[in-house]
Amino acid sequence: KVPLRIVGRVGVSLDESNDKEYLYKQFVENEIAVVKNTYSKKQLERILNAVSLIKQARTVYIVGSELGTPAAGYLTRRLLTIGICAMDLSVVTRAIYNNYMAHVGTEDVVILFSTPGYAKFLVNTTKFLEKKNVPQIVITDKENAPVAACATETLVCDNHDLYFYNSILGFFSMSSALAYFSAMHDLEETTRLRSELTEAREAIGYVGTVN
């Protein structure tokens, strides 16, 4: 059975919680609504501004905490795949993270994923980057989130979930949008960069044993 505290939160009765078809319908409708709401805020101009920052950057540093961590890893992988130099700082120690932040410069860009709870170190990072005039793209759940105050560009994602406190579907979808528009920004350049990746892959090989 669904715990009473959860039943009260998601707005379904105990009888409805046993109706799996009803729950499935509610779940699908919510997932679709999260994506629709994420892109209903006239975000194209903001996405294109963010892509411009990404394409001009020497290195794209990406960081998130809690539920933002997997989104940071996903976006990093996508950008690397289209030939953009990106680094996921969500997986390094705080000491190493601080070292990277000390070295980051105006020719770089930092992308920060911040979910409700708004990790203090991310808020502090945005203030630090602002002092260094480092471009920063903040992906969060609302315009007035603490991390958005110093952002060069803010992308807002819906995060409503029927059961848990947050959904990160919107964050993953926005990551896909940034990667897609970065790839489509200059297809000829993207093709050239991907060919360089192929060259490196063929020269070095995949994970395996030496014959």
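Results for (1) among the aromatic types (Phe, Trp, Tyr); (2) in contact with a helix residue (DSSP H, G or I) (Cβ under 7 Å, 6 or more places away or on another chain), shown as yes or no for each residue.
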site: TYR24; (1), (2): yes, no
site: THR38; (1), (2): no, yes
site: GLN43; (1), (2): no, no
site: VAL51; (1), (2): no, yes
site: PRO70; (1), (2): no, no
site: LEU80; (1), (2): no, no
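Can you name the residue in the range 167-209 that is touching a residue at least 24 places away in the same chain (Cβ under 8 Å) and hydroxyl-bearing (Ser, Thr, Tyr) and, of all such residues, is farthest from VAL35 (Cα to Cα)?
That would be THR190.
Can you name the strands (runs of 3 or more DSSP E) wholly within the range 106-189 that have at least 1 residues being in contact with a Leu (Cβ under 6 Å, 6 or more places away or on another chain) and open to solvent by less than 10 Å² (accessible area, probe 1.4 Å)?
109-113, 136-140
Looking at the range 143-166, which of its residues are farther than 23 Å from ALA33 by Cβ and among the acidic types (Asp, Glu)?
Across the range 143-166, the qualifying residue is only GLU153.
Tell me, please, whether a residue that is surrounded by fewer than 13 Cβ atoms within 10 Å (Cβ to Cβ) and at pLDDT 95 or above can be found in the range 60-75.
Looking for residues that are surrounded by fewer than 13 Cβ atoms within 10 Å (Cβ to Cβ) and at pLDDT 95 or above, one finds none in the range 60-75, hence no.
Within the range 3-13, is even one residue over 26 Å from LEU155 (Cα atoms) and either charged (D, E, K, R) or at pLDDT 85 or above (or both)?
yes
Scanning for something touching a residue at least 40 places away in the same chain (Cβ under 8 Å), open to solvent by 70 Å² or more (accessible area, probe 1.4 Å) and farther than 25 Å from VAL156 by Cβ, does the range 27-40 turn up at least one residue?
Checking the range 27-40: not a single residue is touching a residue at least 40 places away in the same chain (Cβ under 8 Å), open to solvent by 70 Å² or more (accessible area, probe 1.4 Å) and farther than 25 Å from VAL156 by Cβ.
The values are calculated or read from the model by the stated rules, or taken from the named source; none is laboratory data. Keep in mind the model is a prediction, meaning the values are calculated, not measured. All Cβ positions, glycine included, derive from the backbone under ideal geometry; neighbour counts span all protein chains shown. The area values use the complete protein model at the heavy-atom level, side chains included, leaving out ligands, DNA and RNA. Shrake-Rupley method; radii C 1.70, N 1.55, O 1.52, S 1.80 Å.
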